[in-house]
Amino acid sequence: MKGMVYLVGAGPGDPGLVTIKALEVLRRAQVVVYDQLANPSLLSEAPAGAELIYVGKKAGAHAVPQEGINDLLVTRARAGLTVVRLKGGDPFVFGRGGEEAEELAAAGVRFEIIPGVTSAIAVPAYAGIPVTHRRYTTLATFVTGHEDPTKEEGTIPWANLGRNPGTLVFLMGVKNLAENCRRLMEEGKPPDTPAAVIEKGATLEQRTVTGTLADIASQAQDMGIRPPAILVVGGVAELRDKLKWWETRPLWGKTVVVTRSREQASRLVALLAAAGARCLEIPTLEIGPPDDYASLDKALFQIKDFHWIVFTSANGVSAFMERLFGQGKDVRALGGARLAAIGPATAEALKLYGLIPDVVPQSFVAEDLAAALAPHIFPGTRVLLARAQVAREVLPETLEKLGARVEVAPVYKARPPASLAPEAETAIREGRIDVLTFTSSATVHNFAVLLGKERFQALAEKAIVAAIGPITAATLKEYGLTPQIQPDSYTIPALAAAVIDYFGGEK
Ligand code: SAH
C-alpha cells in the first residue's frame, strides 16, 4: 500500500472558497495535518475516523517546528496513509508548502499540490480591491511583512519596492505595519499612495481601513487591527469606495436567530448567511420518537387499507419511512394510497423516497391542506395522518366532517431542549440579537419556554421579529408581540426573502 500526501489550499476563510478538488481529497483523508485556519469548519468534511493533527502556531510559537511537520507527513505517508496537509489560502504563497514538497520529494513520498484561493488576492477582492486593474497598474507584488524592516541583513528589497509602481500586497505585516509603511516612503513611495488594511478578510468579522501610505498605520492602530490582516498599497485601493460588496450585503452585521430544530435549520441559515447575516441557531425543538408508536404501528400493519396518507412536515416523512423500513417493508407497502404533502419541503422529503404527492396545497397551513383534500374525500374515505404528536386538530376535524375516517398516527415528537447553548446565552445577554425568526407556533412557544416568558418578551421587543405565516404571527400575539416581517407565502425561502427585503429597504 502506497501513501500519498496532498498539499491542499483551504482558501482564505469563506468556506465557499475551497476548491472541489480539495473537498474531494479531504473527504477521503485518513490524516489531516492543519494550521490555524480561517475556517475550521472545513475539518468536519474529513471522514469520522480521520486523525486530525494541529501543527499551527499557538501564542506566537510554532506548536510543531517545521522539521516535525515534515517528519509527520513522511512517516504517515510511508505507513500507507492518505494525508491531507491543509493550509490557509494557497499552500505555495507564504505557506512553506514549497519546503514541505521538497522534503516529500527527497523522501520519495508521492505527493500532489492542490492550489487554493490565496488571501493575497481574495482578501483584497472581498474588500472590493482588484489587485490589478488596467487603468491603475500592470503588476502586483506579494511581500512578506513580518521581517523586521530595521534589520540590516533583511531580504526584502525595500529600495526596489519604494520605486515599484505596481500594487504591493503585504501579508503577515500587522506587527511591522508602521515600520513597513515608513520604509516604503523612505524609499520613494509617495505618502499619498492609497492604502488599505483588511483584517479577517472573507469572514463575517472582516474589517477594512482605508487611507494613504502616510496614515494607514495609525488608522489601523486606532481601529485595533490584529492579525491576520493584509496591507494593500497602490492606486487600486481607492476602488474600494466604488466596489465594496461583502460588507454591503443587506444582512451584514446582523445577528439573526434561527429557532427551527437543528435538522431543519440549515436551509434558512444558508439563505440568510448568503445575504451576509451571522446566524445564531437556537434550536427550540428536538425531534425524537413519539411517546408511543402504537397508533403508527397499527396503521402500518393495515397500510393497504388507506386511501390517503397525509404528511404535514419533512420530519414526519422521514420518521414515517424509518418506522416502515424498521418493519422490513419498503415504499411498495404504501401500494395504491394517494399522498398529500402540506408544502414543498414536505413534498421534497417524499421525493427523496421516490414518491410524488398527489396533493400539495397552494399555501401551507392545515386549513389549506384540508381544503385541497376536500374534493377527494367521500364518506368512508380512509385517511392516515402521519404527523407530530402535538399538533393542531383542524385537519383531522375538517376531514372527519366531510365523512372521512381519519387515523392520526404520531410519528415523532418535538420537544424543547433542556437549556440554551452557552453561545446563545452570551449573545442574548450582550444584546447582540437583531432579528428573531419563527417558523411555526411551536417554535414560538418553545422559545418562550427556553428563555422564560419575560426574557423572551424583552428580547423580542428590542429585536425585529419575523414570522413565517399568520398562524405563527397569531401565536406571537399571545405573547403580546407583533412581527414586523411576514412573507406572503409560508415557506422558508419566502421568509428569508422577506427578512432580506426588510433590511435591504433600509439602504
Ligand atoms: N498561504 C496563505 C498565506 C499564509 S501567511 C495564503 O495563500 O493566503 C499568513 C498571512 O496571510 C496572514 O498573516 C495574513 O497576512 C494573510 N491572511 C490569511 N488569511 C487572511 C484573512 N482571512 N484575512 C486577512 N489576511 C489573511
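General observations
- When each of LEU168, LEU204 is tested for being under 30 Å from ALA274 (Cβ atoms), in contact with a strand residue (DSSP E or B) (Cβ under 8 Å, 6 or more places away or on another chain) and within 16 Å of the ligand (Cβ to nearest atom), the lone residue that passes is LEU204.
- Matching residues, the range 392-417, being crowded, with 20+ Cβ neighbours inside 10 Å and under 36 Å from the mean Cα position of the chain (by Cα): LEU395, ALA409, PRO410, VAL411, TYR412, ALA414
- Elements of type strands (runs of 3 or more DSSP E) contained in the range 1-82, each with 2 or more residues being touching a helix residue (DSSP H, G or I) at 6+ places or on another chain (Cβ under 8 Å) and without any contact (Cβ under 8 Å) to a residue 60 or more places away in the chain: 31-34, 51-54
- Per the listing ARG249, ARG182, the residue uniquely away from the ligand (no atom under 16 Å from the Cβ), modelled with pLDDT of 95 or more and under 21 Å from THR141 (Cα atoms) is ARG182.
- Within the range 194-205, residues that are within 17 Å of GLY235 (Cβ to Cβ) sit with their Cβ atoms under 9 Å from residues that are polar (S, T, N, Q) and surrounded by fewer than 22 Cβ atoms within 10 Å (Cβ to Cβ), at 6+ positions apart or across chains, in these pairs: PRO194/THR210; PRO194/THR212; ALA195/THR210; ALA195/THR212; ALA196/THR210; VAL197/THR210; VAL197/GLN219; ILE198/GLN206.
- Among all positions in the range 346-355, there is at least one residue which is among the acidic types (Asp, Glu) and closer than 27 Å to ASP330 by Cα.
- Every residue from the range 1-36 that is within 11 Å of the ligand (Cβ to nearest atom) and more than 26 Å from GLY80 (Cβ to Cβ): GLY11, PRO12, GLY13, ASP14, LEU17, GLN36
- Among the residues of the range 352-371, those identified as crowded, with 17+ Cβ neighbours inside 10 Å and aliphatic (A, V, I, L, M) are LEU355, VAL359, VAL360, VAL365, ALA366, LEU369, ALA370.
- Any hit, the range 330-347, residues being in contact (Cβ under 8 Å) with a residue 60 or more places away in the chain, surrounded by 13 or more Cβ atoms within 10 Å (Cβ to Cβ) and in a helix (DSSP H, G or I): yes
- For the range 58-111, the set of residues classified as within 16 Å of the ligand (Cβ to nearest atom) and of a type in the set (D, E, K, R) consists of LYS58, ARG85, LYS87, ASP90, ARG96, GLU99, GLU100, listed by residue number.
- Leading residue by the ranking (farthest from PRO157 (Cα to Cα)) among those in the range 209-230 that are within 11 Å of the ligand (Cβ to nearest atom) and in a strand (DSSP E or B): ALA229
- Here LEU52, LEU43, LEU73 are screened, and the one residue that is over 27 Å from GLY16 (Cβ atoms) and not acidic (Asp, Glu) is LEU73.
- Of LEU271, LEU296, all but one fail to be out of contact with any strand residue (DSSP E or B) (no Cβ under 8 Å at 6 or more places or on another chain) and hydrophobic (A, V, I, L, M, F, W, C); the exception is LEU271.
The values are calculated or read from the model by the stated rules, or taken from the named source; none is laboratory data. Since we're looking at a predicted model, the values are computed, not measured. Cβ coordinates were reconstructed from backbone atoms using ideal geometry, including for glycine residues, and neighbour counts include every protein chain displayed.
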